[in-house]
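> Below you'll find the structure I mean.
The values are calculated or read from the model by the stated rules, or taken from the named source; none is laboratory data. All of these numbers come straight from a predicted model, not from anything done at the bench. Positions of Cβ are backbone-derived with ideal geometry, glycine not excepted, and every protein chain shown enters the neighbour counts. Accessible surface is based on the protein model in full, side chains and every heavy atom, while ligands, DNA and RNA are left aside. Shrake-Rupley method; radii C 1.70, N 1.55, O 1.52, S 1.80 Å.
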Amino acid sequence: MMTIEDTATTELERIKKELECLNGKTVHIGVQGNGKDKSGAGKSVSDEILAIAGIHEFGAVIKAKNVKNLAIPISKKAKGKSPRDFEGLFFLESDDLLYGCISKKKKGESKESGRPTHAEPKKNKPSKENLKTGKKDDIEFLFLLLPAVEIPERSFIRAGYEANKGNLEKVCMKAIEKILFENGSAEEAGNFIGMEAVGMIQEYMNTPGNFREKGNVTKATSNWPDNPLVETGRLRNSVTYMIEE
């Protein structure tokens, strides 16, 4: 007498259970706020990075608050600093644009250490070459002062998803196949989809041709002048996934 062991039913029940579990999961891809998924893949980021992500994704107009103008660095020396950090800083006006400058000849002209002078802007016409180098004779142009700055939309989450729909579909099919044929679990499938999707978005961000290029002023102070979304890598590295049960 031959005994036949029924392994198919057990395996089919396992597959059904894991597929139902996977169907109950939502994989969030992007710059996450508070909270982590149980895999630890999702991670909290600062409000600053969330704001930067939103500005790039949708575009924004940034206006000066509590001051007349925004101080836009146009020299690497001024990057990450404000006009108050430069003793003796003075203003030059050219073609209706206002610049914050320093000069060896004018050093110490400010009576209050670390504060720009409050003298009326002097008329001056720096050439394009002067602005590229940030210098005119002994004058260094450090800041461009503007009441507002428009940041163009450079969508990387929505546009990255649209550009990778076909690839993402293949990844989801592969995750399901792992459950069907490789004894995979729903949790493993969710993590696989999340990691692959994050890689797609980050690769999309790494490709400068996907976005409107940086302006000349931004390029002058950038470590990555050809890539509008990569400067320090913080934004790109903040793209993660989070699994919601």
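> Give segment 197-231 a look and list any residue that's modelled with pLDDT of 90 or more, of a type in the set (Val, Ile, Thr) and open to solvent by 30 Å² or more (accessible area, probe 1.4 Å), or say none.
Answer for segment 197-231, where residues must be modelled with pLDDT of 90 or more, of a type in the set (Val, Ile, Thr) and open to solvent by 30 Å² or more (accessible area, probe 1.4 Å): just 207.
> Return the only residue of 194, 166 being over 30 Å from residue 82 (Cα atoms), touching a residue at least 12 places away in the same chain (Cβ under 8 Å) and open to solvent by less than 60 Å² (accessible area, probe 1.4 Å).
Result of the check over 194, 166: 194.
> Do we find that residue 163 is among the hydrophobic types (A, V, I, L, M, F, W, C), over 30 Å from the mean Cα position of the chain (by Cα) and modelled with pLDDT of 95 or more in this structure?
no
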